[in-house]
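The values are calculated or read from the model by the stated rules, or taken from the named source; none is laboratory data. Remember, predicted model here, so these are calculated numbers, not experimental data. Ideal geometry is used to build each Cβ from the backbone, glycine not excepted, and the neighbour counts take in all protein chains shown.
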Amino acid sequence: MSILESINSPDDLKKLPASQLPAVAAELRRMIIETCAANGGHLAPSLGVVELTIALHRVFSTPADKIVWDVGHQAYAHKLLTGRRERFTTLRTLNGISGFPKRSESPHDSFDVGHASTSISAATGLAAARDLAGRTDKVLAVIGDGSMTGGIAYEGMNHAGHLDKDLIVILNDNEMSIAENVGALSNFLSRTSSSEFVHRLKKKMEAYLGRLEKGKSFLQMANKMEESFKGLFTPGMMFQAFGFEYIGPIDGHNLPMLIDTLESVKKFKDTVLIHVLTRKGKGYRPAEENPALFHGVGPFNIETGKVLKGKGGAASYTAIFGSTLCKLAAEDERITAITAAMPDGTGLSGFAREFPERFFDVGIAEQHGVTFAAGLAAEGFRPVFAVYSSFLQRAYDQVFHDVCLQNLPVTFALDRGGVVGSDGPTHHGAFDLSYLRHLPNMTLMAPKDENELQHMLTTAIRLGGPSAVRYPRGNGQGVALDQTLRELPVGRGEILREGGDGVMLALGSMVYPALEAAGLLDQEGIRLTVVNARFVKPLDGDMILGLANTYGAVVTLEENVIQGGFGTAVLELLEEHNLSGVKVLRLGYPDSYIPQGEQHELRAMLGLDPVGIVASVRQFLTHQ
């Protein structure tokens, strides 16, 4: 029996002798690696915080004490130590445990997360609630260095420092650029600043000197000397400016040091930031050597580290987007590309290499990225902001206020439109058609395949106003690619198949399933016209109204919530033209958050695969 098998709660971890903790770390890493090799997952981030997680649960007592994991992609060891070991092999699968902390999954998960930079704000709220309730439990936020590029992290720090709550923020820093700060001097500063005795003495001396007439000037001079000294060797000055007691940097893989530091800080009553240095992918060489690849990875071979490929053949939509943008940028020097810390994930790595002066990575700062793009556009450039659909949600006001209100030519390349798979509800692109469609000046489109994506991107960039091209995660249809790029007629769809019993208006990724469903229905004697709608805004009003008048039965299909989406736009069009006699069936996502699971599993569950479409359409036409 392994040591890990004896740990069913953090209380069990506390009972172990300290000599067994390194073995626990090794077993945690082994199980994380084995599970991610089978299911995929955020491997490198979780491997990097194994010792930190052990130390946290060794010193603090969840669920009474609260730990907020920023993003949550580093919380796998936390899950294993808090009663989910036996279900851990179901990680990120349909009906399995989530890849992120979820309050509904465990009382040890104090806050639902999935998007970056929220932990400090949430933890500050938890600390304020604790104080209002008269409790004395501890509240901690564990934030990764990447998440510190998000503006909300600094908004949270600013407020937390102002409130001066009993709050601990742990900066999990895995960037090599500050590795030189690890050493004797840094360790000395860390040990000295985290000493409970020194902490109490400092507070008492400050209070005493503050009451003396000349003591205040002496105190100011002493503080300046301390800040200057620490500022030379540590990045603590910035955090101290926010009102935090700064401790670190310390070695995030040194268990005794971590535990000793946390034990000391646990006795503080101030707002504290502990700077912890870790190595992303620690304990698995392929992940250490290529942490970007193993940040969020699909199933892989443990022995070789080679990622197992899914269905081969067609290139991904992301890759086609990237290559098309490079082709357009070679012809138009006004084109610039922007990403929010995801050049690989959005397909912009090639653009960055080919046009480095026109490529901008703004960090995890979508709000800034959108307004930055607006500034470029205001000066005559044609910025393309490549971003996941669910991440653009963070910058809704900037899309409205800084882009659409000024009618600026910013193109949003919305990757991961629709269900994305195992990352679950925080990452599904289920709402973009709804939250973009109602903005004035916005042109919104979705391609049926990778060839059409080329032409839509060309159309969007040349429009001269705000536009969004929305495409799914995964491979394209394997169609041939036109070598010459062209502009599509704006607001015009295309009829792909004709029939006399009704019309299916399909958008983007639903076009091919609609064609397949139409073929199956044809075998039952039900013949439907299938339209590739192409545009959500503006709609092809003439075509839709003509077909609705002709057939009297319309089915809309979209990978978006049906509230406010493409189907709603069609309903509004029919209502505006008094076609109340036309029967409409809208197929899309329900008014609920969609769980994790493989894309094909979720589409089948939601009735958006060909079999599900056939069943819904058959029932709809039968009961007209």
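Okay, here's what the table says:
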read-out	value
Residue within the stretch 32-47 that is more than 25 Å from Leu308 (Cα to Cα), of a type in the set (A, V, I, L, M) and in a helix (DSSP H, G or I) present	no
Among (1) surrounded by 15 or more Cβ atoms within 10 Å (Cβ to Cβ); (2) touching a residue at least 12 places away in the same chain (Cβ under 8 Å); (3) over 17 Å from Leu507 (Cα atoms), the one test that Gly581 misses	(1)
Residue count, the stretch 394-443 (criterion: touching a Gly at 6+ places or on another chain (Cβ under 9 Å), polar (S, T, N, Q) and at pLDDT 95 or above)	6
Answer residue from the stretch 584-624, given it is surrounded by 15 or more Cβ atoms within 10 Å (Cβ to Cβ) and of a type in the set (Gly, Ala, Ser) and is farthest from Pro513 (Cα to Cα) among those	Gly597
One residue from Gly500, Gly478 being under 23 Å from Ala548 (Cβ atoms), in contact (Cβ under 8 Å) with a residue 24 or more places away in the chain and small (Gly, Ala, Ser)	Gly500
Per-region count, the stretch 287-304, residues part of a loop (DSSP other than H, G, I, E, B) and surrounded by fewer than 21 Cβ atoms within 10 Å (Cβ to Cβ)	12
Qualifying residue in the stretch 326-342 (condition: assigned to a strand (DSSP E or B), in contact with a Phe, Trp or Tyr (Cβ under 8 Å, 6 or more places away or on another chain), under 30 Å from Phe400 (Cβ atoms) and in contact (Cβ under 8 Å) with a residue 60 or more places away in the chain)	yes
Any hit, the stretch 239-252, residues being assigned to a loop (DSSP other than H, G, I, E, B) and free of Cβ contacts under 8 Å to residues at least 24 places away in the same chain	no
Subset of the stretch 343-368 [closer than 24 Å to Asp145 by Cβ, of a type in the set (A, V, I, L, M, F, W, C) and in a loop (DSSP other than H, G, I, E, B)]	Leu348, Val362, Ile364, Ala365
Any pair with Cβ under 7 angstrom, 6 or more apart, that starts in the stretch 264-288 at a residue that is farther than 18 Å from His253 by Cα and assigned by TED's automatic domain parsing to the domain that holds Ile32 and ends at one that is among the basic types (Lys, Arg) and not in a strand (DSSP E or B)	Lys266/Lys138; Thr271/Lys165
Among the candidates Gln74, Gln20, residue that is surrounded by fewer than 21 Cβ atoms within 10 Å (Cβ to Cβ) and not hydrophobic (A, V, I, L, M, F, W, C)	Gln20
Qualifying residue in the stretch 411-419 (condition: out of contact with any Ser or Thr (no Cβ under 7 Å at 6 or more places or on another chain), of a type in the set (Ser, Thr, Tyr), free of Cβ contacts under 8 Å to residues at least 60 places away in the same chain and more than 30 Å from Asn95 (Cβ to Cβ))	no
Residue check, Met1 at pLDDT below 95 and either in a helix (DSSP H, G or I) or aliphatic (A, V, I, L, M) (or both)	yes
Matching residues, the stretch 576-624, being of a type in the set (A, V, I, L, M) and under 25 Å from His427 (Cβ atoms)	Leu587, Ile594, Leu602, Ala604, Met605, Leu606, Leu608, Ile613
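One line per residue, one yes/no per condition, for (1) crowded, with 17+ Cβ neighbours inside 10 Å; (2) under 16 Å from His73 (Cα atoms):
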| residue | (1), (2) |
| --- | --- |
| Thr278 | yes, yes |
| Lys282 | yes, yes |
| Arg285 | no, no |
| Lys306 | no, no |
| Ala314 | no, no |
| Thr318 | yes, no |
